[in-house]
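Readers should treat all values here as calculations from the given coordinates under stated rules, not as data from a laboratory. Here the structure is a predicted model, which means the values were calculated and not measured. Here the Cβ positions follow ideal geometry from the backbone for every residue, glycine too, while neighbour counts run over all protein chains shown.
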Amino acid sequence: MTDEDRDSLKHKETPSKPTTTKIATNKTITLHPHHHASNNTTTVQRTTNGDPMPIPQDLDLIARQESELHLPAFDPDTAWRLGNSLRDLAISRAQSIVIDIRRFGQPHQPLFYTALAGTTPDNQRWVQRKVNVVARFHRSSYAIGLELAHSGRTFEDRYNLPEADYAAHGGCFPIHVHHAGIIGAITVSGLPQREDHNLVVEALCLELHLDHATLRLPAE
């Protein structure tokens with residue numbers, strides 16, 4: 001489900017009674033009317049043999065991504081390479097995405113932005129909301145979303161921050177530079193959130209000459 005699809009579902013939602021569901025960790029959570037399906041579909045992934053993959057395994061792999069995908073340096077030329085790498089990957093797969101690469105600051109410094117055919121202005125709003133999550137927590141937006149899904153809580157309930165300004169959905173990944181720390185973010189919007197996240201990881205692996213197959217999250 002893409003960002004726009006998730007937003008569309010929000011506006012079409014009608015009140016209903018809370019329901020309960022089992023996730024892969026054998027924990028039962030209550031899904032209230034405004035805990036959207038998109039926030040909970042990541043609670044059960046599938047391994048290559050079809051068995052459920054619990055959220056902790058995903059979180060462990062994302063933590064590894066965050067600890068290994070560190071750039072030796074970062075400047076506008078690096079942003080240009082990463083942005084074009086993402087663009088080339090998306091075009092080769094006929095994917096409609098928005099790509100945003102920026103350096104954090106007051107204000108943020110945009111370094112690369114493109115919107116491919118099939119995207120809408122709403123994608124940029126999703127980008128900004130995902131970036132706000134990474135800028136505040138210095139974690140990938142997907143990791144924050146998975147942690148919330150695992151605990152059965154919403155972003156607003158957990159952090160007392162408005163979901164209108166923050167989107168804990170996959171697709172925004174921190175730019176971590178050796179000896180400098182986290183200085184910015186790379187964001188993709190337009191695909192299902194897990195694919196958004198994996199695409200950013202793939203581009204970073206290409207830049208760092210790392211094996212993407214060992215770091216990517218398995219498909220749902």
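Across region 151-220, Cα pairs under 8 Å and at least six residues apart give a relative contact order of 22 percent. Other residues within the sphere of radius under 9 Å centred on the Cβ of residue 109, judged by their own Cβ, net out at +2 (K and R +1, D and E -1). Local charge sum around residue 181 (other residues, Cβ-Cβ under 14 Å, Lys/Arg +1, Asp/Glu -1)? Once all neighbours under 14 Å are counted, the net charge is +1. When you work out D = kT/(6 pi eta Rh) for region 92-209 at 10 °C and 1.306 mPa s, using the Kirkwood radius from C-alpha pairs as Rh and the Stokes-Einstein form, the result is 110 µm²/s. Using C-alpha pairs under 8 Å with a sequence gap of at least 6, the mean separation divided by the residue count of region 76-140 gives a relative contact order of 27 percent.
Karplus-based coupling profile of region 126-140, in residue order and whole Hz: 5, 4, 4, 5, 5, 4, 4, 5, 5, 5, 7, 10, 6, 10, 5, with θ = phi - 60° in 6.51 cos²θ - 1.76 cosθ + 1.60 and x standing for Gly or Pro. Working note: Cα gyration tensor of region 56-133, eigenvalues times five, square-rooted, sorted largest first, giving semi-axes of 21, 18, 16 Å. Highest-first packing order for the peptide set 135-146, 56-67 is 135-146, 56-67, based on the mean count of other beta carbon atoms within 10 Å.
Annotation: amide H-H contacts under 5 Å for residue 182 (H modelled 1.01 Å from N, sequence separation of 5 or more, or interchain): 177.
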